[in-house]
Amino acid sequence: MKKPDLSGFACFTQKLEVAPFPGNTLHDLVVLESDPEQGYFFGGALPEEMKKANDHHLYLVVKQTIPCFQDKIIQKAYALQSEHKTNFHLSPGQIIFENKPHSCIRVRVHEIDHLKTFIDELEEMGVEFYCKRRYKHMKPYTSLVMFKKYVELEKTGEAVYRNMNDAHIHFVEIPSQIDYPVFETMREDIRNNCELNMFHMALIYIYSKEKVHNLAAIYSNACNEERLPLLAEFLHKEIQRLL
């Protein structure tokens, strides 16, 4: 297997519409759903052939956290992988809930049925989750979501990478650090002016030995290796204009 050109734990930041997940099997907890390509499978209306889609995620909202919360979640995720001999996609993060930032756990939709023991162990450690009884009639809302996960990237061009574990995710390097509001403006300008506009974009940071890498993560089923340079060109122009 080819060695990645860039790898490590990356912090993703993106703005998503979220809502209570109707397929929640963790009956007492608040579980929110979202999707990188908003509207396609929103509201739990997931087509049968897409129930194991890599890009459909859920968020468990944490009411009371513990010291080193993110490290503990990552440790538990590796323990689950070893126990079940499979790759669990658990990511610690942060989400806006009741207009305040809260820690959260991000998980793929088809993995939620395997989390009961995981949740029990976290509660024994002192993690407290929100109970959904008060939030049965919660409406969809927009939240800034952040999460941390391990990525392996292969360089495919000048400042351009692809996710070695997901063919629909590519990355374009940003030459300097930017705040999310600037990134959001850049994303909307690209979406309104580039013919390739069926995508979702997140701002990410990867910490390597040499430096902090700032990148735009691009999720799109329509953006393949041949069409990516068009989107990357627009992105680079926007970066030069705004920085």
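Worth pointing out:
- Selected residue (criterion: farthest from the chain's Cα centre (by Cα)) from residues of region 180-194 that are under 18 Å from Ser220 (Cβ atoms) and open to solvent by 50 Å² or more (accessible area, probe 1.4 Å): Asn193
- Just one residue in the set Ile169, Ile112 is within 26 Å of Met1 (Cβ to Cβ) and among the hydrophobic types (A, V, I, L, M, F, W, C); that residue is Ile169.
- Number of residues in region 81-112 that are part of a strand (DSSP E or B) and either open to solvent by less than 60 Å² (accessible area, probe 1.4 Å) or hydroxyl-bearing (Ser, Thr, Tyr) (or both): the value is 13.
- In the set (1) within 20 Å of the chain's Cα centre (by Cα); (2) surrounded by 16 or more Cβ atoms within 10 Å (Cβ to Cβ), Leu122 fails one condition alone, (1).
- Qualifying residue in region 161-173 (condition: of a type outside the set (Lys, Arg), touching a helix residue (DSSP H, G or I) at 6+ places or on another chain (Cβ under 8 Å) and within 22 Å of Pro229 (Cβ to Cβ)): yes
- Among the numbered conditions (1) at positive phi; (2) open to solvent by less than 40 Å² (accessible area, probe 1.4 Å); (3) not small (Gly, Ala, Ser), the only one that Leu115 does not meet is (1).
- Conditions (1) in a helix (DSSP H, G or I); (2) free of Cβ contacts under 8 Å to residues at least 12 places away in the same chain; number of the one not met by Lys76: (2)
- Count - residues of region 140-169 that are under 30 Å from Tyr78 (Cα atoms) and in contact (Cβ under 8 Å) with a residue 60 or more places away in the chain: 20
- Restricting region 133-179 to residues that are among the hydrophobic types (A, V, I, L, M, F, W, C) and more than 19 Å from the chain's Cα centre (by Cα), the residue that is surrounded by the most Cβ atoms within 10 Å (Cβ to Cβ): Val160
- Listed by position, the strands (runs of 3 or more DSSP E) enclosed by region 131-242 that each have at least 1 residues that are hydroxyl-bearing (Ser, Thr, Tyr) are 141-157, 160-163, 200-207, 212-219.
- Residues of region 113-130 satisfying the condition of being among the hydroxyl-bearing types (Ser, Thr, Tyr) and either assigned to a loop (DSSP other than H, G, I, E, B) or in contact with a Pro (Cβ under 6 Å, 6 or more places away or on another chain) (or both): Tyr130
The values are calculated or read from the model by the stated rules, or taken from the named source; none is laboratory data. Being a predicted model, the structure only gives us computed values, none of them experimental. Ideal geometry is used to build each Cβ from the backbone, glycine not excepted, and the neighbour counts take in all protein chains shown. Just the protein is used for accessible areas: all its heavy atoms, side chains included, with ligands, DNA and RNA removed. Shrake-Rupley method; radii C 1.70, N 1.55, O 1.52, S 1.80 Å.
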